[in-house]
Amino acid sequence: MAEDRFPGWHGTTILAVRRGGKVVIAGDGQVSVGQTVMKGSARKVRMLKPGGRDVAVGFAGSTADAFTLLERLEKKLEAAPGQLQRACVDLAKDWRTDKYLRNLEAMLIVTDGREIYVVTGAGDVLEPEHDVAAIGSGGNYALAAARGLLETDLDAEGVARRAMAIAAEICVYTNGNLTVETLQG
């Protein structure tokens, strides 16, 4: 995939945490090529408002590819207002079967404040266990940290911020420059 055409490119870390009736998506801003940080302030968490309903999306991978997918997701949500799962499944089907879309290299975490989904180009639409999902270069570090922090009294944003800080301390492809969006469930 991208590693073949762009060796050494590494992107961001995205984390979603559901707790106390809220869902928080946090994303760091680092984009690296090999051992060089190309940009430390990339914004890979976005709010969509299809039909006036808030949906937060975090993406890892190619930014142009992710924007193409966000546009498609927004159209799916406009066609099926309030049906996040259906829109994500329809996007994943198109992504896997469409000749053009199947070459897009990104992953998405999508939430409407009630549901959280990880959507991939392999046709996956995954609802995470334990109210935590993570993708990207430091995703596994952020996921492990967040799962452990769910044992504390921190709220959703506190868990997300602390878990991303832990991931940034461990993963050289993750920094502490966060974009955070919160949705009420």
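The values are calculated or read from the model by the stated rules, or taken from the named source; none is laboratory data. No experiment lies behind these values; they were computed from the predicted model shown. Ideal geometry is used to build each Cβ from the backbone, glycine not excepted, and the neighbour counts take in all protein chains shown. All accessible areas refer to the heavy atoms of the entire protein, side chains included, with ligands and DNA or RNA removed. Shrake-Rupley method; radii C 1.70, N 1.55, O 1.52, S 1.80 Å.
Before moving on, here are some points about what is shown:
- The residue pairs whose first member lies in the range 29-57 and is without any contact (Cβ under 8 Å) to a residue 12 or more places away in the chain, whose second member is open to solvent by less than 10 Å² (accessible area, probe 1.4 Å), and whose beta carbons are closer than 8 Å, counting only pairs six or more residues apart or on different chains, are Met38/Ser32; Lys39/Gly29; Lys49/Val55.
- Any hit, the range 115-124, residues being at pLDDT 95 or above and farther than 13 Å from Gly58 by Cβ: yes
- If only residues of the range 20-40 that are open to solvent by 70 Å² or more (accessible area, probe 1.4 Å) and not in a strand (DSSP E or B) are counted, the one that is nearest to Ala56 (Cα to Cα) is Gly20.
- Criterion (touching a Lys or Arg at 6+ places or on another chain (Cβ under 9 Å) and outside any strand (DSSP E or B)) met by exactly one of Ala146, Ala142, Ala168: Ala146
- Looking only at the range 123-139, residues that are assigned to a strand (DSSP E or B) and surrounded by fewer than 16 Cβ atoms within 10 Å (Cβ to Cβ) come to 1 in all.
- Test: residue in the range 101-110 that is at pLDDT 90 or above, within 24 Å of Asp28 (Cβ to Cβ) and open to solvent by 60 Å² or more (accessible area, probe 1.4 Å): yes
- Number of positions in the range 153-165 that are open to solvent by 60 Å² or more (accessible area, probe 1.4 Å), under 22 Å from Val55 (Cβ atoms) and outside any loop (DSSP other than H, G, I, E, B): 2
- Residue that is modelled with the lowest pLDDT, among those in the range 1-40 that are closer than 22 Å to Val118 by Cβ and hydroxyl-bearing (Ser, Thr, Tyr): Thr12
- Pairing each residue of the range 86-105 that is touching a residue at least 24 places away in the same chain (Cβ under 8 Å) with any residue that is in a loop (DSSP other than H, G, I, E, B) and open to solvent by 50 Å² or more (accessible area, probe 1.4 Å), provided the two are 6+ apart or on different chains, yields C-beta distances under 6 Å for Glu105/Met1.
- Leu77 within 13 Å of Thr120 (Cα to Cα), open to solvent by less than 50 Å² (accessible area, probe 1.4 Å) and in a helix (DSSP H, G or I): no
- Consider the range 111-120 and keep the residues that are assigned to a loop (DSSP other than H, G, I, E, B) and in contact (Cβ under 8 Å) with a residue 60 or more places away in the chain. The one that is most open to solvent (accessible area, probe 1.4 Å) is Arg114.
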